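Colleague: Have a look at the structure that comes next, please.
The values are calculated or read from the model by the stated rules, or taken from the named source; none is laboratory data. These figures come from a predicted structure and were not determined experimentally. Cβ atoms come from the backbone with ideal geometry, glycine included; neighbour counts cover every protein chain shown. For the accessible areas, the whole protein counts, side chains as well, though only heavy atoms, and no ligand, DNA or RNA atoms are used. Shrake-Rupley method; radii C 1.70, N 1.55, O 1.52, S 1.80 Å.
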Amino acid sequence: MSETTATGSCLCGGVSFTINAPLRPVDCCHCIQCMKTHGHYAAYSAAPTEAIHFIEQKGLKWYDSSDTARRGFCQDCGGSLFYQPKGKSYTSIAAGMLDAPTGLKTVGHIFVAGKNDYYELPEDGLPRHDRGMSSRRDDKTGGVLPE
């Protein structure tokens with residue numbers, strides 16, 4: 001097993017994990033599913049699914065949120081932890097579930113065309129994409145491929 005690069009958990013500890021691979025930089029997703037799952041837009045990193053190892057998973061429950069993905073959450077505290085696209089070899093991890101320090105940086109905003117009207121996008125100078133980046137994602141790591 002390779003060296004642990006990150007650890008994380010939900011609020012109650014019913015789901016805790018280690019990650020043994022480099023993490024993708026963080027994307028902020030403004031899609032309606034993230035809004036409904038998190039209560040606001042969501043910040044996600046990602047890693048190869050095979051690199052995520054559970055220390056505790058008694059609270060982990062998966063929900064098929066669409067035909068193309070499922071979401072992992074803690075059935076005890078309600079923490080929204082994972083987004084897993086079907087047919088891909090990576091899992092997105094809610095950045096807030098990772099223990100600090102993460103060393104991660106936010107690199108952009110996706111699905112901004114679908115954002116809710118109660119907030120404005122931050123003036124952070126990061127790229128904004130009306131849709132997602134799935135056509136440019138590496139199927140194994142979830143990282144963005146060069147154009």
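Colleague: Would you please name the residue that is nearest to Lys58 (Cα to Cα), looking only at residues in the stretch 12-43 that are open to solvent by less than 20 Å² (accessible area, probe 1.4 Å) and among the β-branched types (Val, Ile, Thr)?
Modeller: Top of the filtered list is Val15.
Colleague: Applying the selection to the stretch 35-70, what residues are touching a residue at least 40 places away in the same chain (Cβ under 8 Å), under 19 Å from Ser9 (Cα atoms) and assigned to a helix (DSSP H, G or I)?
Modeller: Thr37, His38, Thr49, Ala51
Colleague: Turning to a different aspect of this structure: Just to be sure, is Gly72 at pLDDT 95 or above, more than 29 Å from Val112 (Cα to Cα) and touching a Lys or Arg at 6+ places or on another chain (Cβ under 8 Å)?
Modeller: It is false that Gly72 is at pLDDT 95 or above, more than 29 Å from Val112 (Cα to Cα) and touching a Lys or Arg at 6+ places or on another chain (Cβ under 8 Å).
Colleague: Kindly provide the set of residues from the stretch 109-125 that are part of a loop (DSSP other than H, G, I, E, B) and in contact with a helix residue (DSSP H, G or I) (Cβ under 7 Å, 6 or more places away or on another chain), ordered by number.
Modeller: Within the stretch 109-125, Asn116, Leu121 meet the criteria.
Colleague: Next question. Looking at Arg137, is it modelled with pLDDT of 95 or more and charged (D, E, K, R)?
Modeller: In short, no.
Colleague: Would you point out which residue out of Phe17, Phe82 is modelled with pLDDT of 95 or more, aromatic (Phe, Trp, Tyr) and under 13 Å from the mean Cα position of the chain (by Cα)?
Modeller: Phe82
Colleague: Now a separate question. Does the stretch 44-98 hold any residues that are open to solvent by 70 Å² or more (accessible area, probe 1.4 Å) and closer than 14 Å to Asp27 by Cβ, and which are they?
Modeller: Gly96 - this is the single residue of the stretch 44-98 that is open to solvent by 70 Å² or more (accessible area, probe 1.4 Å) and closer than 14 Å to Asp27 by Cβ.
Colleague: Looking at (1) small (Gly, Ala, Ser); (2) closer than 20 Å to Pro22 by Cβ; (3) at pLDDT below 95, which one does Gly96 not meet, given that it meets all the others?
Modeller: Failed condition: (3).
Colleague: Another one. Which of (1) touching a helix residue (DSSP H, G or I) at 6+ places or on another chain (Cβ under 9 Å); (2) more than 26 Å from Leu126 (Cα to Cα) does Leu104 not meet, given it meets every other one?
Modeller: (2)
Colleague: Consider the stretch 99-119. How many of its residues are in contact with a Gly (Cβ under 7 Å, 6 or more places away or on another chain) and either at pLDDT below 95 or surrounded by 15 or more Cβ atoms within 10 Å (Cβ to Cβ) (or both)?
Modeller: 2
Colleague: Quick one: Cys77 ticks every box in (1) in contact with a helix residue (DSSP H, G or I) (Cβ under 9 Å, 6 or more places away or on another chain); (2) in contact (Cβ under 8 Å) with a residue 60 or more places away in the chain; (3) in a loop (DSSP other than H, G, I, E, B) bar one, so which box is it?
Modeller: Every condition holds for Cys77 apart from (1).
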